[in-house]
Amino acid sequence: MNPRDLGLACAAAALALDQCSKLILLYGFHFIEMAPGYHVAVLPFFDLVMVWNPGISYGLLPAHGAAGTAVLAAFSVAAVAGLGWWLWRAERKLLAAALGLVIGGAIGNLIDRLIYGRVADFFHFYVHGYDWYVFNVADCAITLGVAALLYDSLVRSSPGTASRQSGRSE
């Protein structure tokens, strides 16, 4: 499989997992009818919690009204277009997979924003009084994709990498 196809497969998988999980949680558990903050205890360190996020990551830049939602949606479309161009030119599988994860996650959250005007988040982990933000599968894909992009840039730029990639020994 060439890098581009791998990236597209990762984007499709991330998008499908995100949208399936949201459909199940919103309509299967009727979370869409529940008040924000409604939760179901699943494990001693994990709850399903209904949170509608009007902004981007961690609630930053909340959209107020249709105009704010349109601006965030336009930003998402522009980001996906730029990342898609980068993916189209990617020559390394790790880079392509990372870009695909970010693209799939961004499209998943964009779909929520276009349908609901905000993003549905559900997963809440906590332990010993410490907790993390509520997030969804798209957020996980974006986070993993960004981590892989960082790893790819570090590995690619480390000393001796160029000679390993070209088949020469140091």
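The values are calculated or read from the model by the stated rules, or taken from the named source; none is laboratory data. On a predicted model such as this, the values are computed, not experimentally measured, just so you know. Reconstructed Cβ throughout: ideal geometry from the backbone, glycine too, with neighbour counts over all protein chains shown. Note: areas computed on protein heavy atoms with side chains; ligands, DNA, RNA excluded. Shrake-Rupley method; radii C 1.70, N 1.55, O 1.52, S 1.80 Å.
Scan region 1-19 for residues that are among the hydrophobic types (A, V, I, L, M, F, W, C), open to solvent by 50 Å² or more (accessible area, probe 1.4 Å) and more than 14 Å from the chain's Cα centre (by Cα) and jot them down. Within region 1-19, Met1, Leu8 qualify.
Listed by first and then second residue, the pairs linking a residue in region 34-54 that is under 18 Å from Ser21 (Cα atoms) and without any contact (Cβ under 8 Å) to a residue 12 or more places away in the chain to a residue that is open to solvent by less than 50 Å² (accessible area, probe 1.4 Å) and not hydrophobic (A, V, I, L, M, F, W, C), with Cβ atoms under 9 Å apart and 6 or more places separating them unless they lie on different chains, are Val40/Asp47; Ala41/Asp47. Residues of region 90-106 that are open to solvent by less than 50 Å² (accessible area, probe 1.4 Å), assigned to a helix (DSSP H, G or I) and hydrophobic (A, V, I, L, M, F, W, C): Leu95, Ala96, Ala97, Ala98, Leu99, Leu101, Val102, Ile103, Ala106.
Restricting attention to region 120-149, and to residues there that are open to solvent by 70 Å² or more (accessible area, probe 1.4 Å), among the hydrophobic types (A, V, I, L, M, F, W, C) and at pLDDT below 95, which single residue is nearest to Tyr27 (Cα to Cα)? Walk me through how you get there before you give the answer.
Taking region 120-149 as the starting set, the residues that turn out to be open to solvent by 70 Å² or more (accessible area, probe 1.4 Å) are 125, 127-133, 143-144.
Those still in the list that are among the hydrophobic types (A, V, I, L, M, F, W, C) too: 125, 127, 132, 144.
Right, trim to at pLDDT below 95 and you get 125, 127, 132.
On the way: Phe125: 22, Val127: 28, Trp132: 25 Å.
The qualifying residue nearest to Tyr27 (Cα to Cα) is Phe125.
A Cβ distance below 7 Å, combined with a sequence gap of six or more or placement on separate chains, defines the contacts here; from region 114-142, residues that are farther than 19 Å from Phe75 by Cβ reach residues that are modelled with pLDDT of 90 or more and of a type in the set (Val, Ile, Thr) in the pairs Phe122/Val49; His124/Val49; Val134/Val49.
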